[in-house]
Amino acid sequence: MKKTALNKMHHEMGARMVEFAGFEMPVLFEGINIEHETVRKKLGVFDVSHMGEFWVEGPGAFDLVQYISTNDVAALYDGKVQYSCFPNGKGGIVDDFLCYRFADDKYLLVVNASNIEKDWEHVNKHNTFGAKLTNASDDISQLAIQGPLALKAMQKLTDEPVEDMEYYTFKIIEFAGVKDVIFSTTGYTGSGGCEVYMKNEDAEKIYKAVLEAGEEFGIKPIGLGARDTLRLEAGFCLYGNDINDETSPIAAGLGWIVKFTDGNDFIDRPLFEKQKAEGVPRRLKGFVMEDRAIPRQHYDICDSSGHYIGEVTSGTMSPMLKKGIGMGYVDKPYWKEGSEIYIKVRKNLVKAVVTRPPFYKG
């Protein structure tokens, strides 16, 4: 198993460690619910150094990223971040990712840990534009400091103003005494905050500084367990659960990152245009349990008569709502918000209501 630069510290802090995407990662420190609530009400810090990072540079950089991305890279400016996905040429999704524009000929693509090799191969396969590609995944550490007090606390570690940064923007700053840190107002929790990229050798120093700066605000280290419950409460897709090589971004409710602008001739554009015009038979929808039950991935979704109408892709007990919540692909007549659906838990049909995420709006 691979280890992040903070692995030793996680063990010293008493984290429960698990294998995730080939890495030994902390799943929890104190407990998923308390860590979840800490991020919702205060702030927490995640080690997400397992994520992948690819540099795309040179005269062909823009053309390559525009071709492999469903979103419109032309809409970016220096210091702006964009959420997007790689279409696979068959109507499915290779991965979802973040695209950072440093210059018109320099981009950073941040991909999921479990897909680094697959994504790297995909990007290289389509690099007929002469772009210079660098896989920096093993050289970069990343922290996500998330929660309503995150930016206020992190302002203590830099002279550069960060508290009023626009959502999905970034700066290269001196942070915790370390130069050339990428400071980005992005995240996977729905509670605001930032993500910080640094060299591996600077990770321990910055991690300690973040914990110290956040101490007065109640910061806690957070594991991957709460990362999953937080992202689900926010209605964010998880690759491998809600989206994969078989799911279209249109069906996954990601039409907002599929841009049919003039000149944006990305992979699978004609197919997605057809899907948008004609519709798809099944779409990813959120739901909240009416009865007490926890929905889980692969549970059947049924109508009131018990007929199969879909499948749960993600589910959990919401720590904030104290109710079961989930997402799943559902047949067309049951898409409308407020529609009653039933989750098959063992042999029982348990009522749920189709609900537009985010489920928690605190």
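Key figures for this structure:
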{"item": "Number of the exception - Pro148 against (1) assigned to a loop (DSSP other than H, G, I, E, B); (2) in contact with a strand residue (DSSP E or B) (Cβ under 6 Å, 6 or more places away or on another chain)", "result": "(2)"}
{"item": "Residues being at positive phi and either surrounded by fewer than 16 Cβ atoms within 10 Å (Cβ to Cβ) or aliphatic (A, V, I, L, M) (or both) - total across the stretch 131-164", "result": "0"}
{"item": "Residue match in the stretch 11-31 (condition: assigned by TED's automatic domain parsing to the domain that holds Val181 and part of a helix (DSSP H, G or I))", "result": "yes"}
{"item": "Residue selected from the stretch 151-178 under the condition in a loop (DSSP other than H, G, I, E, B) and of a type in the set (Ser, Thr, Tyr), by the criterion farthest from Tyr100 (Cα to Cα)", "result": "Thr158"}
{"item": "Condition check for Gln297: crowded, with 16+ Cβ neighbours inside 10 Å, within 27 Å of the chain's Cα centre (by Cα), over 30 Å from Ile32 (Cβ atoms) and not basic (Lys, Arg)", "result": "no"}
{"item": "The stretch 313-362, subset of a type in the set (S, T, N, Q) and closer than 19 Å to Leu254 by Cβ, residue surrounded by the fewest Cβ atoms within 10 Å (Cβ to Cβ)", "result": "Thr355"}
{"item": "Residue within the stretch 28-48 that is over 23 Å from Phe217 (Cβ atoms) and touching a helix residue (DSSP H, G or I) at 6+ places or on another chain (Cβ under 9 Å) present", "result": "no"}
{"item": "Output for the stretch 300-311, where each listed residue is surrounded by 13 or more Cβ atoms within 10 Å (Cβ to Cβ) and touching an Asp or Glu at 6+ places or on another chain (Cβ under 8 Å)", "result": "Asp300, Ile301, Ile309, Gly310, Glu311"}
{"item": "Criterion (surrounded by fewer than 16 Cβ atoms within 10 Å (Cβ to Cβ), within 22 Å of Thr70 (Cβ to Cβ) and assigned by TED's automatic domain parsing to the domain that holds Lys220) met by exactly one of Tyr188, Tyr167", "result": "Tyr167"}
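The values are calculated or read from the model by the stated rules, or taken from the named source; none is laboratory data. Fair warning: this is a prediction, and the values are worked out from it, not measured in the lab. Positions of Cβ are backbone-derived with ideal geometry, glycine not excepted, and every protein chain shown enters the neighbour counts.
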